[in-house]
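To start, the structure under review is shown below, and the notes come after it.
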Amino acid sequence: TSLAVLTDTLIRFMESNPNSIILIEGIEYLVTFNEFKKVLKYMDSLNETTWISKARTIMALNPRAFDDKELAMIERDRKVIKGDEGVEELKRQSKVTSS
């Protein structure tokens, strides 16, 4: 799985579709074929473009696939939603900000 191609494709999409929503599932799969640091850099690139283009990126992953240090690095600079409680909290926050 080429991170360069994936990154370029998603960045071009976000730049040409402001306010878009991107769902990326299986970050742990990418780590299987790429070094963790490269995947983290990929995630950081997407975060930056997400911020600039006002897009939203949702990254789903299995936390058991990472050690504590890796998880801490992934969670840095990202809003983390964990489990059903996290989803419900996000829904409540969305209702408050849209009112």
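Since every read-out is calculated from the coordinates, none of them should be taken as a lab result. Just so you know, these numbers come straight off a predicted model, no measurement behind them. Cβ sites come from the backbone with ideal geometry, for glycine too, and all protein chains shown count toward neighbours.
What lysines sit close enough to K37 to cross-link, taking a C-alpha to C-alpha distance under 17 Å and skipping anything fewer than 8 places away on the same chain?
Within reach: K69.
Taking the simple approach of a point 7 Å from Cα along Cα-to-Cβ for both E48 and K79, what is their distance in nm?
2.2 nm
Which aspartates and glutamates, if any, have their Cα less than 18 Å from the Cα of K82, not counting same-chain residues under 8 positions apart?
Hits, sequence-local ones excluded: E25, E28, D67, D68, E70.
Which trypsin sites (Lys or Arg not before Pro) does segment 1-54 hold that lie in a coil by DSSP with at most 15 other beta carbons within 10 Å?
Of the trypsin sites (Lys or Arg not before Pro), the ones in loops of segment 1-54 whose Cβ has at most 15 other Cβ atoms within 10 Å are K54.
Of the GluC sites (Glu not before Pro) in segment 29-77, which ones lie in a loop per DSSP and count no more than 12 other C-beta atoms within 10 Å?
On the way: sites: E35, E48, E70, E75; in loops: E35.
Qualifying residues, ordered by number: E35.
For T57, what residues show an amide H to amide H distance below 5 Å, using hydrogens built from the backbone and excluding near sequence neighbours?
I22
Can you run phi through the Karplus equation (6.51, -1.76, 1.60; θ = phi - 60°) for segment 32-41 and list ³J(HN,Hα) in whole Hz, with x for Gly and Pro?
Result, ordered by residue: 4, 10, 9, 5, 4, 4, 5, 5, 4, 5 Hz.
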